[in-house]
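The values are calculated or read from the model by the stated rules, or taken from the named source; none is laboratory data. Source: prediction; values computed, not measured. Don't worry about glycine lacking a Cβ; one is built from the backbone with ideal geometry, like all the others, and counts go over all protein chains shown. The area values use the complete protein model at the heavy-atom level, side chains included, leaving out ligands, DNA and RNA. Shrake-Rupley method; radii C 1.70, N 1.55, O 1.52, S 1.80 Å.
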Amino acid sequence: MIFIPKGYRLAAVHAGIKRNATRQDVSLIISDRPAAAAGVYTQNLVFAAPVAYDRARTPGEGFRTVVINSGNANACTGDRGLRDAEAMAKLAAAVVGAKADQALVLSTGIIGEFLPLEKIASGIGMCAEQLGDTEDSLIAAARGMMTTDTTHKIAGRQVQIGGRTFQITGMAKGAAMIGPNMATMLGLILTDAPIAPSDLQRLLSAVVDDTFNCISVEGHMSTNDTVLLLANGAAGGANLTAGELPLFHVALHEVAAELAKSIPADGEGATHLIRIDVQGCESSADARQIAKTVADSALVKTAIAGADPNWGRIVSAAGYAGVPFDPAKVDLDINSFTLYRAGAPVAFDAARVSASIKENRETHILLTFDEGDSAVRFWTTDLTVEYVRLNADYHT
């Protein structure tokens with residue numbers, strides 16, 4: 001069971017944005033007291049109206065609500081899109097008698113269509129009557145942000161710091177258009193810990209860098225990528241001090257990592273979750289760049305889909321990542337089988353390696369270099385015919 005942090009209530013309903021009446025498409029999250037908020041957003045130059053709205057307000061404090069709609073991204077919608085995001089915030093804030101600036105907005109779905117504000121207004125009104133602090137309320141809110149996801153994604157941790165117990169609970173959505181560089185990817189994490197906005201932003205930025213920024217499905221960076229972190233202090237006491245924040249950071253990282261991994265695990269049409277460990281690099285940025293390049297290679301992804309231990313695709317992808325390294329000092333293992341050592345192939349049982357890929361949902365790729373001590377873990381998916389079908393039919 002995952003608990004709701006103190007002082008939050010959630011709800012979700014079907015308001016008619018999605019055609020399927022059984023799927024929620026508006027979620028409302030309320031903090032019973034003003035909360036600090038931090039945000040990390042897409043680096044795409046083409047960004048959605050909700051990103052512009054939230055980015056201008058975070059980090060900050062005094063927030064009372066977050067409203068989420070799915071089925072419509074409110075992206076590439078010009079000035080009207082910005083006005084619609086502001087109207088959506090105003091409608092959500094009114095539920096708790098707050099101002100529009102005390103609300104944050106998340107949207108996901110089809111790009112280039114205007115928001116159906118009447119439906120969203122109706123959905124917010126229905127949510128206001130169903131707000132709760134149970135696990136069912138949390139699951140409903142998480143489902144309300146889904147598009148092509150096959151399941152909701154939630155994670156939570158409790159952490160004890162200085163005699164106080166705090167809850168951290170998050171939800172996320174994403175299954176395709178995933179190539180974050182803080183893709184379509186949304187995350188919302190709530191805590192009842194008291195944390196200053198500047199500290200909250202520093203924590204979130206650090207955590208996102210090696211969790212949500214270390215996943216991909218096809219490498220397409222969305223217009224709407226957003227991760228928000230709210231802290232309302234409802235657990236009581238003074239703001240966490242510099243000496244206490246590291247313990248909170250560890251728990252926050254665990255929640256973010258679990259949510260991030262769940263996105264490629266639910267990748268559209270995927271039959272394999274691929275874990276890529278890159279180690280022995282000069283910097284973490286180098287390791288991440290190599291891992292992402294391997295992860296985004298269509299040839300690597302299709303090889304895993306076909307259970308083909310084609311090591312040449314992996315080492316060649318590392319070679320064009322734009323990171324200098326000595327090719328004669330590169331090792332590659334797949335599922336603990338050594339395929340390539342010191343820049344040269346080694347004898348291996350291809351049938352056994354292929355079977356290890358075919359018979360397991362998760363495939364592990366380990367690339368080892370001899371350039372330094374930095375490492376990174378990156379998650380992606382294979383690329384299947386079903387992925388192509390889903391995205392060919394997405395709009396039509």
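Stretched out straight at 0.36 nm per residue, the stretch from SER122 to GLN158 would grow longer than its current Cα-Cα span by 9.5 nm.
Over 32 Å between C-alpha atoms is what I'm after, so list which of LYS6/LYS173; LYS18/LYS358; LYS90/LYS292; LYS90/LYS173 land there. LYS18/LYS358; LYS90/LYS292, as the Cα separations exceed 32 Å there. Of the GluC sites (Glu not before Pro) in segment 241-330, the ones in a loop by DSSP (not H, G, I, E or B) with at most 15 other beta carbons within 10 Å are GLU282.
Among the GluC sites (Glu not before Pro) in segment 75-162, those located in a DSSP loop and surrounded by at most 14 other Cβ atoms within 10 Å of their own Cβ are GLU129. Between the beta carbons of ALA351 and ARG23, assuming R0 = 51 Å, the FRET efficiency works out to 0.75 to the nearest 0.05. Can you pull the percent of the chain's accessible area that's carbon plus sulfur, 1.4 Å probe, other chains left in place? Reported share for carbon and sulfur atoms: 52 percent.
Determine the gain in length on full extension of the stretch ASP326-VAL250; use 0.36 nm per residue of separation and subtract their C-alpha separation, reporting nm with one decimal.
Roughly 23.9 nm would be gained on extension.
With all protein chains kept in place, the per residue accessible area of the chain amounts to 39 square angstrom at a probe of 1.4 angstrom. Among the trypsin sites (Lys or Arg not before Pro) in segment 75-138, those placed in a DSSP loop whose Cβ has at most 14 other Cβ atoms within 10 Å are LYS99. Modelled this way, with points 7 Å down the Cα-to-C-beta line, the labels at GLU113 and GLU129 are 2.6 nm from one another.
Note that segment 53-63 has calculated 3J(HN,Hα) couplings of 5, 6, 4, 6, 10, 10, x, x, 9, x, 7 Hz, one per residue in order, obtained from phi through the Karplus relation 6.51 cos²θ - 1.76 cosθ + 1.60 (θ = phi - 60°); glycine and proline are x. All Cα-Cα distances of segment 1-87, cut into 10 Å bins from zero to the largest, leave 15, 38, 37, 9, 0 percent in each bin in turn. Once both labels are positioned 7 Å from their Cα atoms along Cα-to-Cβ, the gap between GLU359 and LEU45 label points is 5.1 nm.
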